[in-house]
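A.B. asks: This is the structure, below, for whatever I ask next.
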Amino acid sequence: MPNLKEDDNALREVLTQAKIIAVVGHSDKRDAYGKGFAQRTSYQIAQFLRQKGYTVYAVNPRIKEIDGQPSYAALQELPEPVDIVNVFRRCEYLPEIVDEAISITAKTVWTQTGYLASTISTKSYRCRTQCGYGCLYQN
């Protein structure tokens, strides 16, 4: 599998073929200071992905609803298969999240810069799930 961080063509292919993205750790905090900008990156990126035409599902067991849309407690509860699992959780939660992503046959797991450990990458490779890290949004 290609290294999505180093192969722009592979990353472009993942993003053009993907239609459905689950955002694990999606926050409902969107306007912390009353100035119209997002407090949490997960909220901002999820909104950006929606604006670009992706179907985005929030996955956060602490939140029931975000902007009128349901938030799911786990990836297994999503109503349809997802192409990308975009993770906004601390790195100690990644092994469990990758296991969940593999169990739902997600094609790609995307984490934030610096979070991709070799053991997680190896595990996902064996299950044919791509891993990447960095930014899916650039302002």
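A.B. asks: Taking the stated definitions as given, is Pro61 open to solvent by 70 Å² or more (accessible area, probe 1.4 Å), outside any helix (DSSP H, G or I), at pLDDT 90 or above and closer than 27 Å to Arg12 by Cα? Give the derivation first.
C.D. replies: Values: open to solvent by 70 Å² or more (accessible area, probe 1.4 Å): yes; outside any helix (DSSP H, G or I): yes; at pLDDT 90 or above: yes; closer than 27 Å to Arg12 by Cα: no.
Criteria not met by Pro61.
A.B. asks: If you scan the stretch 6-25, which residues turn out to be closer than 20 Å to Leu78 by Cα and either in contact with a His (Cβ under 9 Å, 6 or more places away or on another chain) or open to solvent by less than 20 Å² (accessible area, probe 1.4 Å) (or both)?
C.D. replies: Ala18, Ile21, Ala22, Val23, Val24, Gly25
A.B. asks: Moving to a separate point now. Going through the stretch 44-58 one residue at a time, which ones are open to solvent by 30 Å² or more (accessible area, probe 1.4 Å) and either outside any loop (DSSP other than H, G, I, E, B) or touching a residue at least 24 places away in the same chain (Cβ under 8 Å) (or both)? Even if it seems obvious, please write down each step before you answer.
C.D. replies: First pass over the stretch 44-58, keeping only residues open to solvent by 30 Å² or more (accessible area, probe 1.4 Å): 44, 47-48, 50-55, 57.
Hits for the stretch 44-58 are Gln44, Gln47, Phe48, Arg50, Gln51, Tyr54, Thr55, Tyr57.
A.B. asks: Continuing with this model, one more query. Just name the residue that is most open to solvent (accessible area, probe 1.4 Å) out of those in the stretch 83-101 that are part of a loop (DSSP other than H, G, I, E, B) and touching a residue at least 40 places away in the same chain (Cβ under 8 Å).
C.D. replies: Arg89
A.B. asks: Can you say whether Thr41 is crowded, with 21+ Cβ neighbours inside 10 Å, within 12 Å of the chain's Cα centre (by Cα) and modelled with pLDDT under 90, as far as the supplied structure shows?
C.D. replies: The answer is no for Thr41.
A.B. asks: For Asp28, work out the one condition from (1) at pLDDT below 95; (2) closer than 22 Å to Gln76 by Cα; (3) buried (at least 20 other Cβ atoms within 10 Å of the Cβ) it doesn't fulfil.
C.D. replies: With respect to (1) at pLDDT below 95; (2) closer than 22 Å to Gln76 by Cα; (3) buried (at least 20 other Cβ atoms within 10 Å of the Cβ), Asp28 is out only on (3).
The values are calculated or read from the model by the stated rules, or taken from the named source; none is laboratory data. Bear in mind that the values here come from a model prediction, so they are computed numbers and not experimental data. Positions of Cβ are generated from backbone atoms using ideal geometry, with glycine treated the same way; all protein chains shown enter the neighbour counts. Surface accessibility is based on the protein's heavy atoms, side chains included, excluding ligands, DNA and RNA. Shrake-Rupley method; radii C 1.70, N 1.55, O 1.52, S 1.80 Å.
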